[in-house]
Amino acid sequence: MVILVMIDAQNRLIDYIRISVTDRCNLRCVYCMPETGIEMTTHEELLSFEEMERLCRIFAGLGIRKVKLTGGEPLVRKGFTELVKRVKAIEGIDKVTVTTNGVLLESFMEELVLAGVDGINISLDSLNPEKFQEITRRDLFREVYKGIEKALAYPEIPLKINCLPLDMDKKSILEIAELAKAHKIHVRFIEVMPIGLGKKYEFLSEMEILKVLEDRFGKLLPYEGKLGFGPGHYYTVEGFQGKIGFISSISHKFCDACNRIRLTSSGYLKSCLQYETGRDLRILLRSGASDEEIKETIIKAIEEKPVGHMFLSGPINQEEHQIMSQIGG
């Protein structure tokens, strides 16, 4: 296989794709999905795993090296671990990781390891069971924590906690951060983006959280190494086994170094989270298009990748109106 390198119009290397395998989820987080749920993508509208595998082979031939499989909640889709195994086996794909809410992870962790998963990210916004239930609208904190414990039984698989700090007090921030002290876990604080239901929430900035952490743990020292595929940057804390990280898309805009594209569970390719523009690859797959025709469409989408988001500038043309569970978290 001839492997190319994808460079967009801003001279950014595009080597990372996030693929949503489903818009279904067993939680109802307030910033992601309405309490009553959404009108789900039908089984016929979802890409099959065979279609996802074919696209991953095409993406790999264009220079995609890293794949993140997500949802919704990916572990609710039957046969998901087999997809991990198949994508991992594709020539040119170096890393396959999974983002999950952790509810089902205890049951599936061993299968994921056998499938060759290269890393697990768990979304967790509070260690307080009552606050967890308030955010997720489900009383499933115990199951998530069991999932974390199960993942820790495989120290060779990097584990990250993604925390969206909504209205967190100092105590809650410190509790989440201390997971990185007690365990080899990298804890990342993510600024909520004004997409879909997230528009209703104020974000806590990186500087605000840094101050809370440094008041308690002392100076956080920038870590120069790389711990993942995307825009996260990290700090070393004395006495911690893991690192503290930030994904600060609002206060520390990183669009100039963006290396990612997204594929929704229904096969829509997005080059930027904020914009609804992109390409419908499902239509091509099901209309008998060749791999070369699909490649040409992907390349055109990459060429049109926006310079950056405009979250703080007010309404924009072609702004994304779907919520995060539909786009892919």
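Here, each number is a calculation from the coordinates, and none is a lab measurement. Model, not experiment: these values are computed from the prediction. Reconstructed Cβ throughout: ideal geometry from the backbone, glycine too, with neighbour counts over all protein chains shown.
Structure notes:
- Each of 109, 6, 52, 40 was scored by other Cβ atoms within 10 Å of its Cβ. Arranged with the fewest first, they read 40, 6, 52, 109.
- FRET efficiency for residue 43 and residue 208, using Cβ-Cβ distance with R0 set to 45 Å, rounded to 0.05: 0.55
- Cα-Cα pairs of the chain separated by more than 30 Å (percent): 32 percent
- Candidates 183, 43, 233, ranked by Gaussian network fluctuation over the chain, Cα under 10 Å, top entry: 43
- Degrees, to the nearest 10: 206-217 long Cα axis against longest axis of the chain: 40 degrees
- Between 0 and 90°, nearest 10: helix 291-303 axis offset from the chain longest Cα axis: 50 degrees
- Of all lysines in the structure, the ones whose alpha carbon falls short of 19 Å from that of residue 95, not counting any fewer than 8 places away in one chain, are 66, 68, 85, 160, 226.
- Within the stretch 121-143: backbone nitrogen closer than 15 Å to the residue 35 label point (7 Å, Cα to C-beta): 133-139
- Degrees, to the nearest 10: 105-115 long Cα axis against longest axis of the chain: 50 degrees
- Mean ellipticity per residue at 222 nm, deg cm²/dmol - from DSSP H runs of n ≥ 4 across the chain, formula -39500 (n - 2.57): -8500 deg cm²/dmol
- GluC sites (Glu not before Pro) within the stretch 16-91: DSSP coil, no more than 14 neighbouring Cβ in 10 Å: 35, 39, 44, 45, 91
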